[in-house]
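The values are calculated or read from the model by the stated rules, or taken from the named source; none is laboratory data. These numbers were taken from a predicted model, which means no experiment stands behind them. Positions of Cβ are backbone-derived with ideal geometry, glycine not excepted, and every protein chain shown enters the neighbour counts. All accessible areas refer to the heavy atoms of the entire protein, side chains included, with ligands and DNA or RNA removed. Shrake-Rupley method; radii C 1.70, N 1.55, O 1.52, S 1.80 Å.
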Amino acid sequence: MEIRAATVLPARREPIELHTADGLTLVGELALPADRPAVATLVTLHPLPTHGGFMDSHVYKKAANRLPALADLAVLRFNTRGTSSERGTSEGAFDGGEGERYDVAAALEYAEFHDLPKVWVVGWSFGTELTLKWAHDPLVEGAILLSPPLHRATDADLDAWAAFGRPLVALVPEFDDYLRPEEARARFARVPQAEVIGVEGAKHLWVGEPYVRIALNEIVKRVNPDAFPLPTDVP
């Protein structure tokens with residue numbers, strides 16, 4: 001069977017709640033391999049909620065639908081403060097990336113408390129800003145950025161990640177609306193351990209199954225290389 005955009009592969013999918021240090025309850029979902037332990041974990045940070053971003057943004061939804069089965073990964077998705085999806089609405093209100101520091105911390109605390117293995121943070125657009133600003137946690141093995149605009153995240157945040165020392169991979173679409181590969185390489189040059197990958201033909205929102213597959217493969221290549229490349233068919 002060919003894996004298509006709407007394919008949902010077997011997994012244990014659990015509704016979860018995250019509790020922030022400033023007193024909010026956030027809603028989310030944890031997807032785990034159906035019949036074996038996860039070998040690594042993706043904590044996902046979604047695009048800008050004021051422009052339609054939420055835990056079900058399509059690359060993350062497809063990650064949760066596929067990667068537990070294909071790559072033995074746990075996928076944690078959640079709505080940042082004030083954001084809604086089918087799962088429900090997280091308490092609080094959008095805070096431009098500042099109050100969201102507590103949301104990032106709550107997700108990482110959940111992963112630590114539940115002994116989720118080998119945590120990588122995956123940020124997309126606004127989620128990359130949250131990653132660079134607030135994911136400097138000893139639990140974090142590394143981070144992968146999809147379409148980083150480097151708008152809210154400043155050179156000071158890049159310098160902080162450089163000092164943090166964990167791997168950083170930026171997937172930058174050729175036709176991104178905000179930051180394209182050449183400029184991205186120049187901006188990320190201040191992070192010695194950063195790898196910038198230009199993705200030919202891609203746009204900021206990664207629309208189209210070929211681009212989703214590129215993104216998921218690049219994630220798996222770093223987080224569980226034994227599962228790379230991902231199959232395009234399943235029995």
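Annotations for the structure displayed:
- Pro235 fulfils the conditions (1) closer than 24 Å to Arg66 by Cβ; (2) modelled with pLDDT of 95 or more except for a single criterion, (2).
- For first residues located in the stretch 218-235 and within 16 Å of Val8 (Cβ to Cβ), partners that are surrounded by 11 or more Cβ atoms within 10 Å (Cβ to Cβ) and of a type in the set (S, T, N, Q) and lie 6+ apart or on another chain with Cβ distances below 6 Å form the pairs Leu230/Asn217.
- Residue count, the stretch 195-210 (criterion: open to solvent by less than 60 Å² (accessible area, probe 1.4 Å) and either assigned to a loop (DSSP other than H, G, I, E, B) or among the aromatic types (Phe, Trp, Tyr) (or both)): 3
- Filter result (out of contact with any Ser or Thr (no Cβ under 6 Å at 6 or more places or on another chain) and more than 22 Å from Leu150 (Cα to Cα)) within the stretch 79-102: Gly82, Ser84, Ser85, Glu86, Arg87, Gly88, Thr89, Gly92, Ala93
- Extreme residue, surrounded by the most Cβ atoms within 10 Å (Cβ to Cβ), among residues of the stretch 107-120 that are within 27 Å of His51 (Cβ to Cβ) and of a type in the set (Phe, Trp, Tyr): Trp120
- Condition check for Val104 on (1) open to solvent by 60 Å² or more (accessible area, probe 1.4 Å); (2) in contact (Cβ under 8 Å) with a residue 12 or more places away in the chain; (3) under 18 Å from Thr25 (Cβ atoms): one failure, at (1).
- Only one of Gly123, Gly127, Gly96, Gly92 that is open to solvent by less than 60 Å² (accessible area, probe 1.4 Å), over 13 Å from Ile16 (Cα atoms), in a helix (DSSP H, G or I) and small (Gly, Ala, Ser): Gly127
- Ala160 being at pLDDT 95 or above, surrounded by fewer than 20 Cβ atoms within 10 Å (Cβ to Cβ) and aliphatic (A, V, I, L, M): yes
- Counted residues, the stretch 139-157 - those being closer than 18 Å to Tyr102 by Cβ and open to solvent by 40 Å² or more (accessible area, probe 1.4 Å): 2
- Here is the figure for the stretch 177-194: residues that are closer than 22 Å to Pro47 by Cα, open to solvent by 100 Å² or more (accessible area, probe 1.4 Å) and part of a loop (DSSP other than H, G, I, E, B) total 3.
- Residue within the stretch 180-191 that is within 26 Å of Ala64 (Cβ to Cβ) and under 19 Å from the mean Cα position of the chain (by Cα) present: no
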